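Enquirer: Have a look at this one before I ask anything.
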Amino acid sequence: MQVDTRVDVFESIFLVFLGLGTLVGVVVVAYILYNAYKYRDDGEATTDDSVPTLGELPTGGKGGKKLFLSFGISAIIVISLVIWTYGMLLYVESPEDEFGEEKDPVEVEVTGDSFAWYFEYENGAESIGTMRVPADQPVYIEATSGDVWHTFGVPDLRVKADAIPGEYDETWFMADEANTEHQIRCFELCGNGHSNMLGTVQVMEPEAFEQWLDEQLHVEMEIVNQNEEPVTEGYEVELVHVNNDQYDEDLRYTYTAEDFDNGTITIEDIEQGGEYNVTITFENDQIETIEDSISVTSGPSETFEIEDPNAANASDDGGNTSDDGGTDDGSTDDGSGNESADDGSGNESAAAEVMAE
């Protein structure tokens, strides 16, 4: 089923009013010109009693039938236009019944703040400045503001919504052509940066959009020791959404060292973005448990460093090795098995002098 976009609706209203306005204008102007020609002053006297004289009300006209006919036709046209336009605007306000199941809407929360636009999708993914949407699918937006009054608007798509602090203004749009971009502007004077409060609606193929949306919830995690060497065994990582109790499904994910590849893992099974508490526990009791948080909104990458005593001992052992070819006091071998030393003034020691003699 073909669903009209907001652009289709408003263009239809515009074209209908333009067509009827042009038709009425042509008829009115033509009638004026006709009467101007018919009742022109040609310099000849007339004896027609039906022609009114100056200051006299016209008589006749068949009882005003023309007047009532013109008013009647005008009323029918105007009332029909009002009813039809009202129905079209009702569709713009509540189009859900027309979409059907095949038009699964995308929900985006739009926030205007500090002369920039922030977008949060239904799965928790976020973006700044660029709103990515699928082609030929309705997009529901809830607009709000983090500072002052703004107005979110996309002229090409005939959409506009007030962004007011503490309130949400709901509207929708649908872009029917993929691989196109449309400019976002603020239509409420909001401060010195108002003219630069711009953004972009990027229309993507539905498959490409779903892939991009899923990639925003991928998390790259790396666990290293204090020597920046990957830790490959003996730990477990747990991620729990901070608002886990508010969702129907359990947003808790657990991974062991075996799930990591040389201390690194790319987590791809997270279904809801947002803030997650991260807990890393170790089999070695000497290593402290790590408790941290991570924001899963736009493909984050995190590195966790642990204090591994085994790695520290290995580092200390490597630093205690010495060179067998010399001693710490600066003495050198003279080639005969006897040591000589420098007294610091450039002269050899007494022992070295005896050997030389």
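Enquirer: Got a number for residues in region 247-295 being among the aromatic types (Phe, Trp, Tyr), more than 30 Å from Phe119 (Cβ to Cβ) and in contact with a strand residue (DSSP E or B) (Cβ under 6 Å, 6 or more places away or on another chain)?
Expert: Adding up the residues that qualify gives 1.
Enquirer: Can you find even one residue in region 222-237 that is outside the structural domain of Thr281 (by TED's automatic domain parsing), over 17 Å from Tyr140 (Cα atoms) and of a type outside the set (A, V, I, L, M)?
Expert: No - not one qualifying residue is present in region 222-237.
Enquirer: Still on this structure: Any residue at all in region 190-198 that is surrounded by 16 or more Cβ atoms within 10 Å (Cβ to Cβ) and assigned by TED's automatic domain parsing to the domain that holds Met131?
Expert: yes
Enquirer: Among the residues of region 245-261, is any within 30 Å of Val133 (Cβ to Cβ), in contact (Cβ under 8 Å) with a residue 12 or more places away in the chain and of a type in the set (S, T, N, Q)?
Expert: Taking every residue of region 245-261 in turn, none turns out to be within 30 Å of Val133 (Cβ to Cβ), in contact (Cβ under 8 Å) with a residue 12 or more places away in the chain and of a type in the set (S, T, N, Q).
Enquirer: Among the residues of region 12-40 satisfying the criterion of being among the aromatic types (Phe, Trp, Tyr) and either in contact (Cβ under 8 Å) with a residue 60 or more places away in the chain or not in a helix (DSSP H, G or I) (or both), which is farthest from Trp84 (Cα to Cα)?
Expert: Tyr39
Enquirer: Does Asp259 count as at pLDDT 50 or above, more than 30 Å from Val240 (Cα to Cα), under 60 Å from the mean Cα position of the chain (by Cα) and of a type in the set (D, E, K, R)?
Expert: The answer is no for Asp259.
Enquirer: Given the residues Thr144, Thr151, which is the only one that is of a type in the set (S, T, N, Q), surrounded by 13 or more Cβ atoms within 10 Å (Cβ to Cβ), within 18 Å of the chain's Cα centre (by Cα) and farther than 30 Å from Phe17 by Cα?
Expert: Only one candidate passes the filter, namely Thr144.
Enquirer: Follow-up. Suppose we filter region 151-170 for residues that are β-branched (Val, Ile, Thr) and touching a residue at least 40 places away in the same chain (Cβ under 8 Å); how many remain?
Expert: Qualifying residue count for the region: 2.
The values are calculated or read from the model by the stated rules, or taken from the named source; none is laboratory data. Since this is a predicted model, take the numbers as computed values, not measurements. Backbone-built Cβ (ideal geometry, glycine too); neighbour counts: all protein chains shown.
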